[in-house]
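Remarks on the structure that follows.
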Amino acid sequence: MAKLKVALYWAASCGGCEIATLAIGDKILKLAEVADIVFWPVGLDFKYADVEKMADNSIDACLFNGAIRTSENEHMAKLLRAKSKIMIAYGSCSYEGCIPGLSNFYNRQTTFERAYIETPTTDNPEKILPQTKVKVPEGELELPEFYDTVKTLGQTVDVDYIVPGCPPEEKTTWLALEALITGKLPPKGTVISHSVKAVCDECPRKKEEKKIKKFYRPYEIVPEPERCLLEQGLLCYGVATRGGCGALCPQANMPCTGCYGPVEGVIDQGAHFLSALSSIIDSNDPEEIQKIIDDIPDPAGTFYRYSLPDSLLRRV
Amino acid sequence: MPQITQRICGVCPEAHHMASTKALDDLFHVEPTSAAKKLRELLYSSFYVTDHTTHFYILAGPDFVMGPDAPPAERNILGVIAKVGLELGGAVIKTRHDNHWVIQTIGGRPIHPCFGLPGGVSRAINEEERAKIEEIAKSSVEFGKLSLKVFDDIVLKNKEYLDMVLSDTFTHRTYYMGLVDENNKVNFYDGKVRVVDPEGKEFIKYAPRDYVKHLAEHVEPWTYLKFPYLKKVGWKGFVDGKDSGVYRATPLSRLNAADGMATPLAQEEYERMYSTLGGKPAHYTLATHWARLIELLYAAERMVELVQDPEITSTDIRIIPTAKPDEGVGIVEAPRGTLTHHYITDERGVIKKCNLIVGTTNNYAAFYMSVKKAAEDLIKPGKKITEGLLNRIEMAWRPYDLCLACATHSLPGQLPLEVTIYDAKGNEIKRLSQGIE
């Protein structure tokens, strides 16, 4: 059997997905037996020009991580889509926009003004901002355009599968790679994870009745070791988040922050969490309800931490 | 913030997580318990072992192990494994895998940990976990020693490579920055930032809160990344020497800026390196790889010290902050340079302003200088221009272990490079490029 041709690419991402790919440990050698990696800017010394020379659909699968933040990201997404039979949105940035997507609460101008003019260490009396084309004595220098709005991969090109997580856990990555290697591929559009249900389903903490009088931030209390964190007033996102990670954060006494994205069938993860919360607030008095909700200091940033570009809001 | 800021860099999330957590300690005016600090440093040392391993074997090693002229398809980690043997290749994979387990055990997750809180950490470790970490720490020390031997055999015993390391092509005389403990020994997790001048004399030493007094950042229109420099010396452009505010913050810089290493085996290697390189400070950019391996050994030795500390399994790991939050600065040594996080909040502790100077950014000016010098020295009239030559120019910046996504905060990911060679009349004679359409 001919070896599979696999490409890996990063766009607007942190590199954690690259490390997550390496985190499959010695299984990487198993992968090397059955697949040739034909493009991987972080690990292998192939260039963009090498991809351009490839025939359309000549790559069997592309694992694309990172959101679409610049014109370069968009160009590479379209190029790799054309060259690949299967396009996989790998990780939360390409799937939902993730942390880079939080900048959709702002725009290019406010981001640039903060970064290049305002910060206390910046020395820029002439208020110079980065330009896409700059003439220097040696010629013209170009930069990719920095877009006003961060988009997901799925808003840019057609995506076949999604691997969730920030970053995907080792076992989630391997589940996707195994499907590729064996050719036993799920239906198009599948979010590849060990669970279609919520993180709560795999969390060992004891759940009783959820009735909340007060929300706390993680630094304000030491939670009881075995009881559900949400019941203790911590904003644990597990109830609105797809499982498959093994509920790692709650087991480290920290609330789930929602990085595996929405549970099966839910479009807007933030709205889902909000509706779950509203059903457990222990009060019928509007004033008291308001007071309880006021304990959540940054609701938009909290509920849409990973999913703003992919939410119904997309940007603010 | 510890969980958000680390997601601008998944290669060194632990560094952002730690700088951020320390900034929160400062911001909430809370001193973590002694056991919490030790757990943080234990995780951080384990992270250094994995990160320096990744850089040396996967990112930089292929140049030396395979040679700068090897074809691109072989100049990578799989090529390295094929050449050095599966045994060492296996040790590389095992060291990374084991230390990711340590990071997950202490930090809650293998990548993007979640344990840092102002005043402490979220989870203690038990004796069973401690014993396993001790085993991994000890084997990491052996791996550190082995890696220095590999460097000896492949680089130091090969005259061609050693000459390249010591050549003027890969040399710049700059200021050097690094975090030091109270004895001026290298420390990754805590201490004061010390800067030495190109002669090796202490120039400044500052506590985190004073960083604004000492650093400023220059802006150019052709890049998304800024150029930090020493405020007292000033921005004089892309030049080295004592009159230029350009400084470097790399593994070699940290060793240059300190008086030594705090653990015995690393100290021996530190002395051996400087005696081979002809004294301190060393200005040879390619020696950064050597310094990185000495740091790897130090990190592993420090792991052993911390994991054998009786307090490491203490459950006294949290102090609940009670003071009103306002402003905080946290500094750690990220593998790629000194990392500064600075936040200002409202009285509810909601961030209103944030400023970060991240590892790679520190070295951005020096990186351009290194590439320019290598290109000027290597491209000569009548000399054949090859892929190997292009790679030698790349070798001028690889020691900086660039992480540009992190440094620009804009996450474009990859560094494009184009070498255009003109003849004396300005006619283009050859163009080599990567990452450019």
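The table below lists the values:
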| item | result |
| --- | --- |
| Stretchable slack from A:A300 to A:K133, in nm (0.36 nm times residue separation minus alpha-carbon distance) | 56.6 nm |
| Sparsely packed trypsin sites (Lys or Arg not before Pro) within the range A:253-316, loop by DSSP, other Cβ within 10 Å at most 11 | none |
| At most 16 other Cβ within 10 Å, DSSP loop - GluC sites (Glu not before Pro), the range A:228-316 | A:E264 |
| Range in chain B, longest, excluding exposed trypsin sites (Lys or Arg not before Pro) [loop by DSSP; at most 11 other beta-carbon atoms within 10 Å] | B:202-382 |
| √(5λ) per eigenvalue of the Cα gyration tensor, chain B, largest first, Å | 35, 26, 20 |
| In order through the range B:276-292: 3J(HN,Hα) via Karplus (6.51 cos²θ - 1.76 cosθ + 1.60), integer Hz, x for Gly, Pro | 5, 7, x, x, 10, x, 9, 9, 7, 4, 5, 5, 4, 4, 5, 4, 4 |
| Where labels lie 7 Å past Cα in the beta-carbon direction, separation of B:E31 and B:E327 in nm | 2.3 |
| Additional length obtainable on full extension of the chain from B:D163 to B:R348, 0.36 nm per residue less Cα span | 60.8 nm |
| Gaussian network model of chain A, springs between alpha carbon atoms under 10 Å - residue of A:L234, A:L180, A:L143 with greatest fluctuation | A:L143 |
| Shape of chain A, Cα gyration tensor, a/c cut at 1.5 | oblate |
| Loop sites in the range A:100-166: GluC sites (Glu not before Pro), DSSP, at most 12 other Cβ within 10 Å | A:E126, A:E138 |
| Rounded if a/c under 1.5, otherwise prolate or oblate - the range A:108-147, Cα gyration tensor axes | oblate |
| Global geometry of the range B:172-283, whether rounded, prolate or oblate, following the gyration tensor of its Cα atoms and the 1.5 cut on a/c | prolate |
| Sequence of B:L88, B:L293 once ranked by neighbouring C-beta atoms within 10 Å, starting from the fewest | B:L88, B:L293 |
| Selected from B:P264, B:P68, B:P221 as most flexible by GNM, with chain B as the system and alpha-carbon contacts under 10 Å | B:P221 |
| Listed residues A:G246, A:G189, A:G97, most fluctuating in chain A (Gaussian network, C-alpha, under 10 Å) | A:G189 |
| Principal-axis tilt of helix B:387-397 within chain B, Cα atoms, nearest 10 degrees | 40 |
| Degrees, to the nearest 10: B:34-53 long Cα axis against longest axis of chain B | 20 |
| Rounded to 5, the percent of DSSP beta bridges in the protein assembly as shown classed as antiparallel | 65 |
| Residues of type lysines that A:K206 reaches as a straight line, Cα spacing below 22 Å, ignoring anything fewer than 8 places off in the same chain | A:K197, A:K214 |
| Spin-label proximity, A:F105 to the range A:282-303 - amide N less than 12 Å from point 7 Å beyond Cα toward beta carbon | A:297-303 |
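Every read-out reported here was derived from the displayed coordinates using simple, explicitly stated rules and does not represent laboratory data. Values in this document were obtained by computation on a predicted structure and should not be read as measured data. Cβ atoms come from the backbone with ideal geometry, glycine included; neighbour counts cover every protein chain shown.
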